[in-house]
């Protein structure tokens, strides 16, 4: 529940550093900071946009030398009066300044409360608010660029156009409800049907970006698998650049999956090393192999590692699979098999070829189309699917020639589902869930 009080929090991580910044927002932000700020002039005398040098004094003791930035409503991040105190980094001094602000009349901000106030005060829509946290937690260049595009309102504008077109269809239909004796003539019915189908088509295209959005936020699921002792763990260590997995000549060393994150050419990946696949009666090894098969079903890209010293041509690879022939230094044949990436994990030979193959197989189209709204998240996906269902029902209703009230009911539901994406139709529960995932101070 939005309260028009004054909040404060650290907006930089606690710990040693060059600078620590404390953000204060609310109707009494300037007053609260002014109680503990000592400069050449009182803080309230300074105009908006001014950066002021002075000292923070708590209980008649100078705590820190600071620079204070003033922002006046509505021209601030939250749309309220905002004061940002930039002082020296360090746990003790930063906590002392924050405690002074709280004692002066502010309260501790909840996670995401600054951004929530920005949304509630009309400074951004809900997709932009979510993009703030996506940008902070971006794990690669592609993730950061997509989050920045969403923060600029690209997705919000596309969704708003969907709302406008759905609303136009609903308004058209409402005219027939107001004048029931007129009925929906064939020409008007065709216009309405085309509008509904047009919105449905664009919703479907937007839903098609859900996998790309998941990969941007969570990373492309890259699964390494193969028989025991072919070099799967060695390949994981090579990709990561350090020894993460234990490597042994004893088959079956890896019993469970090992998952790590890395970035390849600006794209985030979740690389998963799995237990070797072979015939076994060992219950632990069988469970490890069951998990291997489960990860393969969920993989965006799979790397099948094979031993060049014991090469046998395997069955046809999956469409999302890359075949790696490891230990190529032990290859005895005249010509390497077609369609494999030759590698030696001991010296890194073939690593660049593998990375290129992984990037190509991931088919990361989001990098090619930043002019479009991409990278919807799971919440957007849920809303769009609901909207698509309602639009489908509205289309069927029009084709059957139902009473306008029935079709209008479906269009109103579609409009509400689309509006929920940008926060036009919201509930306290939805907002609470979204902003609770933010860090304190943002």
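The values are calculated or read from the model by the stated rules, or taken from the named source; none is laboratory data. Source: prediction; values computed, not measured. Because the Cβ atoms are built from the backbone with ideal geometry, glycine has one as well, and the counts that use them run over all protein chains shown.
Looking at residue 144 and the list (1) farther than 25 Å from residue 8 by Cα; (2) surrounded by fewer than 20 Cβ atoms within 10 Å (Cβ to Cβ); (3) touching a residue at least 12 places away in the same chain (Cβ under 8 Å), which single condition is not satisfied?
(3)
Name the pairs: first residue in the range 366-393 and on the phi > 0 side of the Ramachandran plot, second residue modelled with pLDDT under 60, Cβ to Cβ under 7 Å, at least 6 apart or on different chains?
375/366
Any idea which of 207, 162, 167, 193 is at pLDDT 75 or above and surrounded by 20 or more Cβ atoms within 10 Å (Cβ to Cβ)?
Of 207, 162, 167, 193, the one residue that is at pLDDT 75 or above and surrounded by 20 or more Cβ atoms within 10 Å (Cβ to Cβ) is 162.
Based on what the data block shows, is residue 410 surrounded by 15 or more Cβ atoms within 10 Å (Cβ to Cβ), over 29 Å from the mean Cα position of the chain (by Cα) and modelled with pLDDT of 90 or more?
The answer is yes for residue 410.
Any chance the range 311-333 includes a residue that's within 24 Å of the chain's Cα centre (by Cα), modelled with pLDDT under 75 and not in a strand (DSSP E or B)?
Checked the range 311-333: no residue is within 24 Å of the chain's Cα centre (by Cα), modelled with pLDDT under 75 and not in a strand (DSSP E or B).
If residue 103 meets every condition in (1) in contact (Cβ under 8 Å) with a residue 40 or more places away in the chain; (2) more than 24 Å from residue 438 (Cβ to Cβ); (3) surrounded by fewer than 18 Cβ atoms within 10 Å (Cβ to Cβ); (4) touching a helix residue (DSSP H, G or I) at 6+ places or on another chain (Cβ under 7 Å) apart from one, which number is that one?
Unmet condition: (4).
Take the residues in the range 284-310 that are part of a helix (DSSP H, G or I) and touching a helix residue (DSSP H, G or I) at 6+ places or on another chain (Cβ under 7 Å); name whichever of them is nearest to residue 358 (Cα to Cα).
308
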